[in-house]
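Derivation of every value follows stated rules applied to the coordinates shown; laboratory data play no part. Every value quoted in this text rests on a predicted model; they were computed, and no experiment measured them. All Cβ positions, even for glycine, are placed from backbone atoms using ideal geometry, and neighbour counts span all protein chains on display.
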Amino acid sequence: MTRFRKDKRIIGEALASARKAAGFSREEAAVVLRIGLISISRYERGDRIPDAEILLRMTSVYKCDLNQLL
């Protein structure tokens, strides 16, 4: 596994942890963040990294610091 792939997986785990700590299901988070459920799933699996705009929305919705997500 390449370092980048491993880093993406770690970020995905942090995103899932923040979502759960905020009390959101994947479906609820997708609605509030105005993104697709598939996107949430891909971010949390580490298949994709959310762009800066999505990350900032996540910090607002999940009430966490950007460092917690990255």
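Worth pointing out:
- Scanning the range 49-70 for residues that are exposed (fewer than 15 other Cβ atoms within 10 Å of the Cβ) and not in a helix (DSSP H, G or I) yields Asp51, Lys63, Asp65, Leu70.
- Complete set of residues in the range 35-47 that are in contact (Cβ under 8 Å) with a residue 24 or more places away in the chain, surrounded by fewer than 16 Cβ atoms within 10 Å (Cβ to Cβ) and within 10 Å of the chain's Cα centre (by Cα): Arg45
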